[in-house]
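Heads up: the structure comes next, in structure tokens.
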Amino acid sequence: MVGNAGNVGNLGNRGDRDDRASRTRRRGQGQLEAQVLAVLGSATAPVAATWVQERLDGELAYTTVITILTRLLGKQAVTRSRSGRSFLWTPVADEAGLTALRMRRLLDERDDRDAVLSSFVSALSPHDEQVLRSLLRDADPAPRTEG
């Protein structure tokens with residue numbers, strides 16, 4: 001009986017880990033990236049992945065935090081610099097910036113940019129259209145060159 005009680009305790013611990021992993025899996029990649037970016041944004045200097053993990057209340061495994069940071073690096077939403085054997089991470093974009101990067105990447109994948117932009121603009125609400133017009137009006141009037 002004692003052996004069974006010990007197993008039940010171990011199953012309970014494993015169950016706790018499974019519950020935590022299940023909660024993490026239910027969150028989308030975008031939501032996790034947004035959480036990590038929010039934590040990075042609260043830092044006053046470049047920080048290690050362990051710092052990020054601690055601020056997320058240990059909800060994510062260290063390896064998951066590293067994976068998210070690496071994905072954000074690939075999206076140019078963060079930068080990293082070597083510090084000893086590890087890296088220090090710095091945000092380049094906030095959640096809005098990350099969404100803008102995604103939108104730009106989607107636009108870059110299409111052959112007919114004009115058609116995509118036209119469809120996008122025609123689907124905007126009157127308020128969003130007004131905001132976009134205002135942003136374009138206030139934008140730097142200097143001509144851009146395609147890179």
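Just a few scattered comments:
- Any pair with Cβ under 6 angstrom, 6 or more apart, that starts in region 82-105 at a residue that is within 20 Å of ALA48 (Cα to Cα) and ends at one that is part of a strand (DSSP E or B) and open to solvent by 70 Å² or more (accessible area, probe 1.4 Å): PHE87/ARG80; TRP89/ARG80
- The residue that is nearest to the chain's Cα centre (by Cα), among those in region 31-46 that are part of a helix (DSSP H, G or I) and touching a residue at least 24 places away in the same chain (Cβ under 8 Å), is GLU33.
- Residue match in region 15-35 (condition: touching a strand residue (DSSP E or B) at 6+ places or on another chain (Cβ under 6 Å), at pLDDT 70 or above and not hydroxyl-bearing (Ser, Thr, Tyr)): no
- Those residues of region 74-124 which are out of contact with any strand residue (DSSP E or B) (no Cβ under 9 Å at 6 or more places or on another chain), outside any helix (DSSP H, G or I), of a type in the set (A, V, I, L, M) and open to solvent by less than 70 Å² (accessible area, probe 1.4 Å), in sequence order: LEU124
- A count restricted to region 79-110 and to residues that are among the hydrophobic types (A, V, I, L, M, F, W, C), touching a Leu at 6+ places or on another chain (Cβ under 9 Å) and at pLDDT 95 or above stands at 2.
- Flag for ARG71 being open to solvent by 90 Å² or more (accessible area, probe 1.4 Å), in contact (Cβ under 8 Å) with a residue 40 or more places away in the chain and in a helix (DSSP H, G or I): yes
- Per-region count, region 38-54, residues in contact with a Ser or Thr (Cβ under 7 Å, 6 or more places away or on another chain), open to solvent by 60 Å² or more (accessible area, probe 1.4 Å) and over 16 Å from VAL92 (Cβ atoms): 0
The values are calculated or read from the model by the stated rules, or taken from the named source; none is laboratory data. If you're wondering where the values come from, they're calculated on a predicted model, not measured in any experiment. Glycine gets a Cβ as well: all are built from the backbone with ideal geometry, and neighbour counts include every protein chain shown. Surface accessibility is based on the protein's heavy atoms, side chains included, excluding ligands, DNA and RNA. Shrake-Rupley method; radii C 1.70, N 1.55, O 1.52, S 1.80 Å.
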